[in-house]
Amino acid sequence: MANKTAICVLGSTGSIGTNTLDVVTRHPERFVVHSLTASTQIDLMARQCLEFRPRFAVMGSAEAARSLRERIRGDLPSTEVLHGPQALCDVAAAPEVDAVMAAIVGAAGLPPALAAAKAGKRLLLANKEALVVGAEHFMQAVRDGGGPLLPIDSEHSAVFQSLPEDPLTWSSRVEKIILTASGGPFRTRDPATLADVTPEQACAHPNWVMGRKISVDSATMMNKALEVIEARYLFGLAPDRIEVVIHPQSVVHSMVQYLDGSVVAQLGTPDMRVPIAYGLSWPERIASGATSLDFRTLGQLSFELPDPLRFPGLRLAWDALNGPDGSTAVLNAANEEAVAAFLKGRLRFDRIHAVNHATLASLVPSKPGSIDDLMALDAEARSVAREHVLRMG
């Protein structure tokens with residue numbers, strides 16, 4: 001274990017977590033799994049524990065932990081099963097851990113990602129909310145901890161790979177960042193029909209296999225709004241130097257335009273194992289298991305501007321970034337509540353944006369002075385958003 005990278009996977013049963021473990025299995029000489037965490041998926045977590053034999057497994061609740069403990073006790077007496085938010089932070093910051101994959105969806109992923117950052121771990125950030133909610137507080141923790149921060153979102157990984165090696169030169173050499181978006185399942189759908197969208201339709205992404213929440217975000221393009229916010233803090237460029245274009249083929253994952261007019265892009269098949277493998281091995285590169293591009297059969301690569309009538313939520317990224325400190329946390333909380341209500345059949349698809357806009361407009365945050373302040377703001381924004389859901393649903 002001393003010669004291998006010990007990994008903690010926060011959110012191991014989600015799509016990013018399972019893809020991370022797939023990459024890990026391809027390189028047993030390089031990686032060992034120290035800890036796995038999940039919320040409620042006991043069956044899959046039990047299978048993962050049996051395969052990877054982690055030192056710790058963390059579940060969301062005491063009940064889920066008891067069930068998992070009963071499932072694996074006879075086969076894995078050395079795996080300690082824990083539960084709850086503090087246990088997530090403890091395994092993320094454990095001295096034996098070298099790298100942390102932060103793949104817990106939503107604001108719940110912020111505290112353990114923050115713990116990993118403060119502990120100086122190699123932090124593979126797939127939880128965009130850590131930056132959307134945590135903002136400069138989170139980035140300061142990364143600087144204080146001194147460990148590398150590697151973005152795992154395909155777009156931000158692409159930008160990272162396309163930027164100069166020295167971050168101190170980014171602002172002076174780069175004109176703008178161009179994030180690409182697939183456009184999701186409703187890129188060509190008549191906006192007047194979006195009121196009839198079902199959760200199943202919204203989750204049927206044409207290019208990527210993702211969880212339900214992020215699939216809905218892709219359908220509304222709120223995922224891209226959150227990625228604009230994430231890019232602003234990851235790369236330190238002003239909001240007006242970040243653009244979004246729709247690229248339906250999902251081959252060009254994002255681009256960096258330099259002051260001399262040249263554009264550097266990262267291309268690849270739409271497979272999350274590519275940015276995961278890059279994050280795990282940086283600055284080296286290892287096999288990811290993804291299929292390579294075949295330029296002989298690639299066909300057309302097209303780009304278009306996002307339709308503001310079909311994707312009105314995209315503009316909220318710049319509104320929040322230009323608003324009072326804490327506005328991005330408000331937007332994220334509102335969106336999580338609105339998407340949850342839509343998935344439960346309590347809110348129409350076309351009213352997700354209305355809830356987000358109304359919450360952002362009606363809650364003017366005081367400047368958060370700490371992460372505790374941000375989490376309190378998150379709770380307040382959720383309460384306001386739920387009120388708007390009740391009125392609009």
* To do: Name, by its number, the condition in (1) within 23 Å of the chain's Cα centre (by Cα); (2) open to solvent by 50 Å² or more (accessible area, probe 1.4 Å) that does not hold for Gly279.
  => (2)
* Asked: Somewhere in the stretch 265-276, is a residue charged (D, E, K, R) and either open to solvent by less than 30 Å² (accessible area, probe 1.4 Å) or touching a residue at least 12 places away in the same chain (Cβ under 8 Å) (or both)?
  -> yes
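Being open to solvent by less than 40 Å² (accessible area, probe 1.4 Å), farther than 17 Å from Ile152 by Cβ, touching a residue at least 12 places away in the same chain (Cβ under 8 Å) and aliphatic (A, V, I, L, M): is that true of Ala46 here?
Working: open to solvent by less than 40 Å² (accessible area, probe 1.4 Å): yes; farther than 17 Å from Ile152 by Cβ: yes; touching a residue at least 12 places away in the same chain (Cβ under 8 Å): yes; aliphatic (A, V, I, L, M): yes.
Taking the combined requirement at face value, the residue satisfies it.
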* **Residue list for the stretch 355-375, restricted to those being open to solvent by 60 Å² or more (accessible area, probe 1.4 Å) and assigned to a helix (DSSP H, G or I)** => His357, Ala361, Ser362, Asp372, Asp373
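Take the residues of the stretch 364-383 that are of a type in the set (A, V, I, L, M, F, W, C) and touching a His at 6+ places or on another chain (Cβ under 8 Å): which is farthest from Val339 (Cα to Cα)?
Filtering the stretch 364-383 for residues of a type in the set (A, V, I, L, M, F, W, C) gives 364, 371, 374-377, 379, 381.
If we keep only those that are touching a His at 6+ places or on another chain (Cβ under 8 Å) too, we end up with 371, 374.
Working: Ile371: 24, Leu374: 21 Å.
Filtering the stretch 364-383 for residues that are of a type in the set (A, V, I, L, M, F, W, C) and touching a His at 6+ places or on another chain (Cβ under 8 Å), the one farthest from Val339 (Cα to Cα) comes out as Ile371.
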* Residue list for the stretch 340-373, restricted to those being within 24 Å of Pro324 (Cα to Cα) and of a type in the set (A, V, I, L, M) -> Ile352, Ala354, Val355, Ala358, Leu360, Ala361, Leu363, Val364, Ile371
* Quick one: would you say Leu10 is closer than 22 Å to Gly289 by Cα, modelled with pLDDT of 95 or more and in contact with a Cys (Cβ under 8 Å, 6 or more places away or on another chain)? -> no
* What do you reckon, is Glu63 surrounded by fewer than 24 Cβ atoms within 10 Å (Cβ to Cβ) and more than 22 Å from Ser157 (Cβ to Cβ)? -> yes
* Name every residue in the stretch 309-323 that is open to solvent by 60 Å² or more (accessible area, probe 1.4 Å) and modelled with pLDDT of 95 or more, in order of residue number. => Arg315, Asp319, Asn322
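Among helices (runs of 4 or more DSSP H) lying entirely in the stretch 1-86, which contain 1 or more residues that are of a type in the set (Phe, Trp, Tyr)?
42-52
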* Elements of type helices (runs of 4 or more DSSP H) contained in the stretch 152-207, each with 2 or more residues being surrounded by 18 or more Cβ atoms within 10 Å (Cβ to Cβ) -> 154-162
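Return the residues of the stretch 324-335 that are open to solvent by less than 30 Å² (accessible area, probe 1.4 Å) and either free of Cβ contacts under 8 Å to residues at least 40 places away in the same chain or not β-branched (Val, Ile, Thr) (or both); say none if nothing qualifies.
So the first thing to find is which residues in the stretch 324-335 are open to solvent by less than 30 Å² (accessible area, probe 1.4 Å), and the list is 326-335.
Result: Gly326, Ser327, Ala329, Leu331, Asn332, Ala333, Ala334, Asn335.
I need a count of the residues in the stretch 229-249 that are under 21 Å from Ser302 (Cα atoms) and crowded, with 19+ Cβ neighbours inside 10 Å.
The first filter runs over the stretch 229-249 and keeps only residues under 21 Å from Ser302 (Cα atoms), leaving 242-249.
Right, trim to crowded, with 19+ Cβ neighbours inside 10 Å and you get 242, 244, 246-248.
Qualifying residue count for the region: 5.
Which one of these is out of contact with any helix residue (DSSP H, G or I) (no Cβ under 9 Å at 6 or more places or on another chain), farther than 30 Å from Thr25 by Cβ and in contact (Cβ under 8 Å) with a residue 24 or more places away in the chain: Leu293, Leu321, Leu314, Leu301? Show your work before the answer.
Working: Leu293 fails: farther than 30 Å from Thr25 by Cβ; Leu321 fails: out of contact with any helix residue (DSSP H, G or I) (no Cβ under 9 Å at 6 or more places or on another chain); Leu314 fails: out of contact with any helix residue (DSSP H, G or I) (no Cβ under 9 Å at 6 or more places or on another chain).
The conditions single out Leu301.
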* **Residue tally, condition buried (at least 23 other Cβ atoms within 10 Å of the Cβ) and part of a strand (DSSP E or B), over the stretch 100-137** => 6
* Within the bounds of the stretch 85-96, is there any residue that is free of Cβ contacts under 8 Å to residues at least 24 places away in the same chain, closer than 30 Å to Ala338 by Cα and surrounded by fewer than 15 Cβ atoms within 10 Å (Cβ to Cβ)? -> yes
* To do: Select from the stretch 155-171 the residues that are modelled with pLDDT of 95 or more and hydroxyl-bearing (Ser, Thr, Tyr) and list them in ascending order.
  => Ser157, Ser162
* **Checklist (1) aliphatic (A, V, I, L, M); (2) surrounded by fewer than 17 Cβ atoms within 10 Å (Cβ to Cβ); (3) in a loop (DSSP other than H, G, I, E, B); (4) modelled with pLDDT of 95 or more applied to Leu347, failing item** => (2)
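So that you can scan it fast, the table gives a plain yes or no per residue for (1) over 16 Å from Asn127 (Cβ atoms); (2) open to solvent by 10 Å² or more (accessible area, probe 1.4 Å); (3) among the β-branched types (Val, Ile, Thr); (4) more than 22 Å from the chain's Cα centre (by Cα):
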position	(1), (2), (3), (4)
Gly14	no, yes, no, no
Leu21	yes, no, no, no
Pro28	yes, yes, no, yes
Ile42	yes, yes, yes, yes
Arg53	yes, yes, no, yes
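The values are calculated or read from the model by the stated rules, or taken from the named source; none is laboratory data. Nothing here was measured: the structure is a model prediction, and the numbers come from that model. Don't worry about glycine lacking a Cβ; one is built from the backbone with ideal geometry, like all the others, and counts go over all protein chains shown. The accessibility values were calculated without ligands, DNA or RNA, using every heavy atom of the protein model including side chains. Shrake-Rupley method; radii C 1.70, N 1.55, O 1.52, S 1.80 Å.
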